[in-house]
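Read through the structure below, which is laid out as structure tokens, and then see the notes.
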Amino acid sequence: MFGIDCFHLVSGIGLFMVELLTVNPEKRDPGNNSCYKHISEQYPSQYPFLIPSSYIQEISQLVEQSKLTLPTSFESTFCDPITGKSNGFRGIEWIETILHIIPNLFVPRLKHEKTKQPVLSLCKAITLIMQWELNGNDLRQVER
């Protein structure tokens, strides 16, 4: 039971993180993205998870290009998480996104330096809780 609950929790966090990181503060039509409520009308560039739209397009292209390096045994319809939101990403894709794509492609492109460490810490904590077994040191790292 623990594994199923953890799976659904983490996949939901993955979806939410991609929504936070793909917000365009200049665009006022949120579509399905509920994260627009966190943007200040007066100071849209102060949005803490701001990634310029040119970088969002670059991330999308890099993920698509990486498909060629996936092993043939990988049985998923993996696509970039930006377009994947509307194409029905499964839970496992959201987990893979938060474990690999967010720390490697999204975080380096965040505009505000003070946001990078907390996002990386969240990704690290999720990496730890997705393990089969946790020891005391793992739990201390998750609590940080």
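Based on what the data block shows, is LEU105 assigned to a helix (DSSP H, G or I), at pLDDT 90 or above and within 13 Å of VAL63 (Cβ to Cβ)?
So LEU105 fits the description; yes.
Would you mind telling me which numbered condition in (1) modelled with pLDDT of 65 or more; (2) closer than 16 Å to MET17 by Cβ; (3) among the basic types (Lys, Arg) LYS85 fails?
Tallying (1) modelled with pLDDT of 65 or more; (2) closer than 16 Å to MET17 by Cβ; (3) among the basic types (Lys, Arg), LYS85 fails exactly one: (1).
Filter segment 14-70 down to residues that are part of a loop (DSSP other than H, G, I, E, B) and closer than 18 Å to ILE98 by Cβ and give me whichever is modelled with the lowest pLDDT.
Ranking the qualifying residues of segment 14-70, first place goes to ASN33.
Modelled with pLDDT under 75 and either touching a Gly at 6+ places or on another chain (Cβ under 8 Å) or more than 16 Å from HIS100 (Cβ to Cβ) (or both), is that true of THR77?
In short, yes.
The values are calculated or read from the model by the stated rules, or taken from the named source; none is laboratory data. Predicted model, so just to flag it, every value in this text is computed and none were measured. Note that we place each Cβ from the backbone using ideal geometry, even for glycine, and neighbour counts take in every protein chain shown.
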